[in-house]
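The values are calculated or read from the model by the stated rules, or taken from the named source; none is laboratory data. Every value quoted in this text rests on a predicted model; they were computed, and no experiment measured them. Cβ: placed from backbone, ideal geometry, glycine included. Neighbour counts: every protein chain shown. These accessible areas exclude ligands, DNA and RNA; they are computed on the full protein's heavy atoms, side chains included. Shrake-Rupley method; radii C 1.70, N 1.55, O 1.52, S 1.80 Å.
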Amino acid sequence: VEGLIDLWSLAAMGFQGEILGLPGCRQWNSLWNPLLVDRTVLIKFDLDEEGQVAAADLWEKLHDEQIRAFIDCPASGDINDELIASLVGAAA
């Protein structure tokens, strides 16, 4: 995800797994790749143009290293928006 707020939002929504919040979607460090070899990575960057380009770039880098990765960007545009919508829907 893109940053700490997105990380907290995804955790608040009950995501079961490890979450890495990057301080900006372009901050991936390829030294982390070996830690992901036997894992599945969900890239949940924002749905804006920068997030989509960064998600595709990261997917390609992980794919080149034989790491299972999927792009799963929030349909609403941002994980925070999904959390807010879920809270508003629960309150109704």
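What's the total number of residues in segment 43-62 that are in contact with a strand residue (DSSP E or B) (Cβ under 6 Å, 6 or more places away or on another chain) and open to solvent by 80 Å² or more (accessible area, probe 1.4 Å)? Talk me through it step by step, then tell me what you get.
Keep residues of segment 43-62 that are in contact with a strand residue (DSSP E or B) (Cβ under 6 Å, 6 or more places away or on another chain), which gives 43, 55, 58-59, 62.
Within this subset, residues satisfying the condition of being open to solvent by 80 Å² or more (accessible area, probe 1.4 Å) are 59.
The qualifying residues number 1.
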Out of (1) at pLDDT below 90; (2) charged (D, E, K, R); (3) open to solvent by 50 Å² or more (accessible area, probe 1.4 Å), the odd one out for D78 is which?
(3)
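If you take the residues of segment 20-35 that are buried (at least 16 other Cβ atoms within 10 Å of the Cβ) and farther than 14 Å from D78 by Cβ, which of them is farthest from the chain's Cα centre (by Cα)? Outline the logic, then answer.
Step one: list which residues in segment 20-35 are buried (at least 16 other Cβ atoms within 10 Å of the Cβ), which gives 21-22, 25, 28, 33.
Narrowing the set further to residues that are farther than 14 Å from D78 by Cβ leaves 22, 28, 33.
Values: L22: 9, W28: 12, N33: 15 Å.
Only one residue fits best here, namely N33.
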